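Report on the following structure.
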Amino acid sequence: MSHQGHVNAVFNADLDRIEVAHSSTSDLHSTGSQSFLTDSHTNFRFTRAESPDGSRVGTPSNMVRRWSQNLSKFGKGKKSIREKTIYRLPSRKIFQVDGQLLAQSDLEVDDLANEIEQHEYLMQDSVTGEQLRMDTIRALPHSLATKRQIKERLSVSITQHAQQETSTVFKRTKNKTMKAVVHFWNNATSFIGGLELWYGSMKQIEGHFGSGVGTYFVFLRWLFLLNLYLLLFTFAFITLPQITYNAIEKEESTLGNTSSDRVWDVLTGEGFMKHSILFYGAYANETFKITPPKYYSLPHAYFMTMLCLYISTFVIISSSMARSYRRSFIETSGGIRHMYTHKIFCAWDFGISNSKAAQLKHLSIANELREILQMINNTEIKLTKLQRFWIACTRTTAHLLVFGMIIGLGVGMWMLLQELANEGDTSTWTTLYLPLSVNITMIILQNVFSWIAHMEDYNTPQRTLHVTLFRNFLLEAVIVGVLVYFWLQKAHSECWETSIGQEIYRLILMDFIISILGTSAVQACQGLLNLKYPEFIQVPEFDISRKSLGLVYNQTLLWVGLLFAPMIALVVTIKMILTFYIKKLTLIYFCKTPKHVWRSAQTQTLYLVFSFLSLLGVIVAHGYIMTQVPVSKTCGPFRNKHYMFQIFIEGVLALRANHWVWRLIMLLARPAVMGGILLTMSVLVYYLRSKSKARIGMVKLLKEMLYMEAKDKEFLLSCITRITQDKEWLFEDEQVKDERRGRHNYAESSSTWKYERPLRNGATIRSRRI
Amino acid sequence: MGQTKSQFSEEELQDYEDLTFFTKKEILFAHKKFKQLAPEKVGHNKNAKLSMNKILQYPELRVNPFGDRICKVFSSSNDGDCTFEDFLDMMSVFSDACPKAVKAEHAFRIFDFDGDDMLGINDLKQVIERLVGPDNCVSDNDIKQLIQNILAEADLDDDGALSFPEFEHIIDKSSDFNNSFRIRL
C-alpha cells in the first residue's frame, strides 16, 4: 500500500487505485500516465484462452492498439481521471466478444454498442444474427437497464442498415418464415422447459438441506426419467401388441385361486404373475396381421426393441458420464490446487432458505475451516517411521478384511443358491429366502464397511467416502455377478428366462421393502424417539452416498432383468416415484443434514461411473446370453430358435445374404481390421496424451512468467517510490555508478522510461526462451 | 397467475425474455414472488422500488450472510433498494442457465466489500467472518493463517490481493461453484 501512496503523488490524487504494473511486454508508444494505464489493463488477461476458431486473438499488440484507441476517446470527455480509470478496471468493465476484449462503464452504452456493431456477424438482420446478438447482450455483466439501452441502439442501427440494403422478395420471405419457425420453437421449448419435474419438492429440499442432499434427488429424478424412457418403448413395441393380441385371441391367462393367494403372488412373482405379461414367458411367438399386407412380428419387435434400448441407454450413460467427468475432473484439474479458495468462495450454498439450515451451514463451514487449519499445522509435524508403518499395516489389514468378507459373501451366496436349487421347493417362503438374505447381508456389510473406514482414519472425509463407496460398489457387483452366473449355470431348465425375471422381480421388491420402507421406518422411529429422549437417541443423518449407491444397485437389477421381464421397467418406475416421496418425507420430518460439507460434483461423477460399469457388465452378460445360451423351447417369443440373436441374423441381415450391409459387417469383424482400428485408437490416445502433457508444461511456464511480471511490478513501484521521495532525478548518479559497474548502458537520460528498457529486454529474452 | 399477467404487456415480457436467462413463464413467476414481498405496493406499480429490508425478506436472501451485499450489487441506485427489474436481474444471474463467467463477475462484486476492485485482506477477512457466522468464532490468528494460505494459492502476481482475473481463474477451476451460486426461483 505504501507504494501506491507515492504513486498518487506523481500522477493525480484520483489515481489511487490504478495498478501501475505489468508494463513490460508491450510497446509503450507514448509517455506519461496514459501509457501506464494502457498497459496495466492489457496484460491482465494475457492468459486468456484462444478464440473458438483456434487463433490467438488477444495478442498484446492488438490489445494495446485497442486500449489506446479507447483512451484517446477518453481524453475528450470531461470526466475526472478517477472516473475514467475506475471503470477501466478489469473486474467490471470487460467482457468478450469472440475472444476480444471490450470495456465500458455504465455510462458508456454507446461505446459498448459501437463495439458490438463492429462485429459483422452480430449485426446481420437475420434470425441467427439476432439470436447471437441477444446471446451477447444477455451475457453482459450489466444491469437490465443498460442492456435494454444497448438493445434499442442496436435495433435502430440494424433497421438503418437493412434499409440501405436492397433485399429481394425471396430473401424477405425466407427471413420471415425463419423468424416464425424460431418463434414457434422458442415457445415450445419454453413450455417444455417450464415443466421441470418435482420442481417444488426440489426447491423445498434444497432450501432446507442444501444442494448436497439435493444431488441425491436430482440423481433419482434423472434415473427415473431414464426408466420412463425404457418403459415407454417396451410398452409401445412389446407389451401393447401382446395385449391387443391376447384381447383378440381371447387367451385367458391362468389365474390364482383365492384373493389371499394373489397377494402372495404379487410379492413373489409366482402363481398368476408367472404367466402375466410382466415376464418373458408370456410373449407369443407370433406374427400378427394388422391389415393384410402388413405384419407385426413380435419376436422381431422384442429383439430389436431390447437391442436399441440397451444401446441407446449405453450411449446416454456414457455421454453423460464423459460430460460430468470433463466438467468436474479435467476442466478443473481435479480441484486439488485451489483447496483453500474453493472452501471460501464456494462455501455458502445460496439456495438455502431456512434459518435452521443456515445455522447448520455456518457451523459446518466453521468446522471445516478449523479442520483445514489443523491440517496445515499437522503437516508440519512429520510422522515417525513407526507411525507410518502402523498406518500402512492397519490399512492393508482393513483392505484384506473387506475383500475377504466380500469373497466370503460370494461363496456363501453360491452355497445358499445350491441349497435352494436342490430343495426344488417353490412355496412362498423359500422363494423369498434369497432376496431377503441378500438385502439384509448387504445392509449389515455396508454398516460394517463404514465402521472399518472410520477405524482406518483417513486424512480427509472425501477419501473415506470414496473408499467406502468403492467397497460398497464391489459388494453389489459381486452379489449381482454371482446371481447371474448361477442362473446361467441352470439355464437349461424349462422356461429359465422367466425364472430369472422372477428372481430379479423379487430382488427389486425386497429391496424396496427392506432398504427403502424399512430404513425409512427406522429413521422415522429414531427421529420420533429423539423428540422424547434427545439425550439418548440422535437424529439420524441423511446418508447421501449410501442411498445414491442403492439407486445404482436398483438400476443394475433393472438392466439385468429388462431382457427377461419387459414390464419390470413399470415396476421400477413406480418404485422410484414412491421412493422419491418416502425419502422426501423422512428427510423433512426426521432427518438432519450431513455434518460434513458435501462436495457434490465429483461424487456425482463417481455414481455415473458406477452406473456405467454396471451397465457395461450387464451388456457383456446379455451379449453372451443372446449368442451362446440356448433359449428354452416351450415359452417366449424365440421358442423355435436356438439362440436369441438368430432372429436378428436370419430375419434382418440374411434377407439378402449378399447385401452390402452384411458384407460390411463381415469385413469389419475381421481380425486385421479390428487390429487396425485398435491401433489407430491407441495412436490417437498417445497423441492426445502428449498434447495434454505439453499444455501442462506451457501452463507452468506461463505461471512462471506471471510471477516474473509481478517482480517487474515490484521493481517499478520501488523505482517510482524512490523518485517521488526525493522529488529529483537521482537517477543520473545511479546510472553513472551502474555504468562503472558495467551493468547497463543508457544512451539517453532524463526520462522515466529508461527503466523500461532493461525490463523489456528481460521480457523478450524470457519470451524467446519460451 | 392471471392477475400478474395483466400487469405486463407482451412486448415487455419479450423484452425481459431477451435480456435475462428466463422464459416468459418464469418472469411472471418471478414477479409473483416479488409481489409477495410487498403486495400493495407492487400491485399499484409493477416496477415499484422496494427498500433493502423488504428485499431481504426473500427467504434465500434473509438467511444469506451476504444478503445486503447482493442487494447493493444488483440495486440500480447502488443503495440496496431494488426495483422489479433489479430483482429480475438478480434472479437471472442466480439461475441455472446463467454462464459461469457472468456469475463470477457478480460474485466478485459481492465479495468486494470496499469496492476497490480487488479482494484485499480486509475483504477476505469479512468474507470469512460472515461465512463462519456470528455464533461460531474463529480466532483472528486462524483467519490470518487462512488468508495467507488463500493468497499463497491464488494470488498469482503476488500483490497481496486477488484481482478479478485471479478470482475468475479460481472460479473457472471450481466444479462446485455453479451448484452453490444458485437460487431456485
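The values are calculated or read from the model by the stated rules, or taken from the named source; none is laboratory data. In this text the structure is predicted, and so the values were computed from the model without any measurement. Every residue, glycine among them, receives a Cβ derived from its backbone with ideal geometry; neighbour counts consider all protein chains shown. For accessibility, only protein heavy atoms count, side chains too; no ligands or nucleic acids. Shrake-Rupley method; radii C 1.70, N 1.55, O 1.52, S 1.80 Å.
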Inset, instruction - Determine whether residue A:377 is within 11 Å of chain B (Cβ to nearest Cβ), over 31 Å from the mean Cα position of the chain (by Cα) and not hydroxyl-bearing (Ser, Thr, Tyr). - result: yes
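Could you tell me which residue of the stretch A:156-206 is nearest to residue B:185 (Cα to Cα), considering only residues that are among the β-branched types (Val, Ile, Thr), open to solvent by less than 90 Å² (accessible area, probe 1.4 Å) and modelled with pLDDT under 75?
Narrowing the stretch A:156-206 to residues among the β-branched types (Val, Ile, Thr): A:156, A:158-159, A:166, A:168-169, A:173, A:177, A:181-182, A:189, A:192, A:205.
Checking the rest, the ones that are also open to solvent by less than 90 Å² (accessible area, probe 1.4 Å) come to A:156, A:158-159, A:168, A:173, A:177, A:182, A:189, A:205.
Of the ones still in play, those that are also modelled with pLDDT under 75 are A:168, A:189.
On the way: A:168: 45, A:189: 18 Å.
Looking at the filtered set, the residue picked out is A:189.
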Legend entry - Cβ-Cβ under 8 Å pairs, at least 6 apart or on other chains, the stretch B:9-36 side at the interface with another protein chain (Cβ under 7 Å from one of its Cβ atoms) and closer than 19 Å to residue A:188 by Cβ, far side assigned to a helix (DSSP H, G or I) and of a type in the set (Lys, Arg): B:18/A:138; B:18/A:151; B:21/A:138
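From B:185, B:151, B:162, which residue is more than 7 Å from every other protein chain (Cβ to nearest Cβ), within 28 Å of residue B:59 (Cα to Cα) and under 24 Å from the mean Cα position of the chain (by Cα)?
On the way: B:151 fails: within 28 Å of residue B:59 (Cα to Cα); B:162 fails: within 28 Å of residue B:59 (Cα to Cα).
Only one candidate passes the filter, namely B:185.
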Inset, instruction - Return the total of residues in the stretch B:43-64 being part of a helix (DSSP H, G or I) and closer than 24 Å to residue B:127 by Cβ. - result: 7
Inset, instruction - Please state which of the following conditions residue A:385 fails to meet, knowing it meets all the rest: (1) of a type outside the set (S, T, N, Q); (2) surrounded by 20 or more Cβ atoms within 10 Å (Cβ to Cβ); (3) modelled with pLDDT of 80 or more. - result: (2)
Inset, instruction - May I ask you to list pairs of residues, at least six apart or on different chains, whose Cβ atoms are under 6 Å apart, with the first in the stretch B:59-71 being facing chain A (nearest Cβ under 9 Å) and the second being assigned to a helix (DSSP H, G or I) and of a type in the set (D, E, K, R)? - result: B:65/B:130
Inset, instruction - Identify, by number, the condition in (1) under 15 Å from residue A:278 (Cα atoms); (2) in a helix (DSSP H, G or I) that residue A:564 doesn't meet. - result: (2)
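Condition first: under 11 Å from the mean Cα position of the chain (by Cα) and open to solvent by less than 30 Å² (accessible area, probe 1.4 Å). Now tell me which residues in the stretch B:66-87 satisfy that.
Let us first name the residues in the stretch B:66-87 that are under 11 Å from the mean Cα position of the chain (by Cα), namely B:66-75, B:86-87.
B:66, B:67, B:70, B:71, B:73, B:74, B:75, B:86, B:87 - these are the residues of the stretch B:66-87 that are under 11 Å from the mean Cα position of the chain (by Cα) and open to solvent by less than 30 Å² (accessible area, probe 1.4 Å).
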Inset, instruction - Look at residue B:156 and say whether it is in a loop (DSSP other than H, G, I, E, B), modelled with pLDDT under 85 and farther than 30 Å from residue A:205 by Cβ. - result: yes
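Look at residue A:519 and say whether it is touching a helix residue (DSSP H, G or I) at 6+ places or on another chain (Cβ under 8 Å) and within 26 Å of residue A:569 (Cα to Cα).
Details: touching a helix residue (DSSP H, G or I) at 6+ places or on another chain (Cβ under 8 Å): yes; within 26 Å of residue A:569 (Cα to Cα): yes.
For residue A:519, the condition - touching a helix residue (DSSP H, G or I) at 6+ places or on another chain (Cβ under 8 Å) and within 26 Å of residue A:569 (Cα to Cα) - is met.
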Inset, instruction - Please go through the stretch B:107-132 and pick out each residue that is assigned to a helix (DSSP H, G or I), open to solvent by 10 Å² or more (accessible area, probe 1.4 Å) and either aliphatic (A, V, I, L, M) or at the interface with chain A (Cβ under 9 Å from one of its Cβ atoms) (or both). - result: B:109, B:121, B:130
Inset, instruction - Within the stretch A:437-461, track down each residue that is among the hydrophobic types (A, V, I, L, M, F, W, C), over 20 Å from residue A:400 (Cα atoms) and either open to solvent by 50 Å² or more (accessible area, probe 1.4 Å) or in contact with a strand residue (DSSP E or B) (Cβ under 7 Å, 6 or more places away or on another chain) (or both). - result: A:440
Legend entry - Residue under evaluation residue A:319, criteria (1) under 28 Å from the mean Cα position of the chain (by Cα); (2) at pLDDT below 85, criterion not met: (2)
Legend entry - Qualifying positions in the stretch A:392-410 - in contact with a helix residue (DSSP H, G or I) (Cβ under 9 Å, 6 or more places away or on another chain) and under 25 Å from residue A:487 (Cβ atoms): A:403, A:405, A:406, A:407, A:409, A:410
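Per-residue answers, yes or no, for (1) in contact with a Lys or Arg (Cβ under 6 Å, 6 or more places away or on another chain); (2) over 30 Å from residue A:538 (Cα atoms); (3) not aliphatic (A, V, I, L, M):
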residue	(1), (2), (3)
A:489	no, yes, yes
A:494	no, yes, yes
A:497	no, yes, yes
A:510	no, no, no
A:514	no, no, no
A:519	no, no, yes
A:523	no, no, yes
Legend entry - Those residues of the stretch B:134-148 which are more than 7 Å from chain A (Cβ to nearest Cβ) and either hydroxyl-bearing (Ser, Thr, Tyr) or in contact with a helix residue (DSSP H, G or I) (Cβ under 9 Å, 6 or more places away or on another chain) (or both), in sequence order: B:134, B:137, B:139, B:140, B:143, B:144, B:147
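Yes/no matrix, rows are residues, columns are (1) at the interface with chain B (Cβ under 10 Å from one of its Cβ atoms); (2) at pLDDT 85 or above; (3) in a helix (DSSP H, G or I):
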site	(1), (2), (3)
A:687	no, yes, yes
A:695	no, yes, yes
A:699	no, no, yes
A:717	yes, no, yes
A:720	no, yes, yes
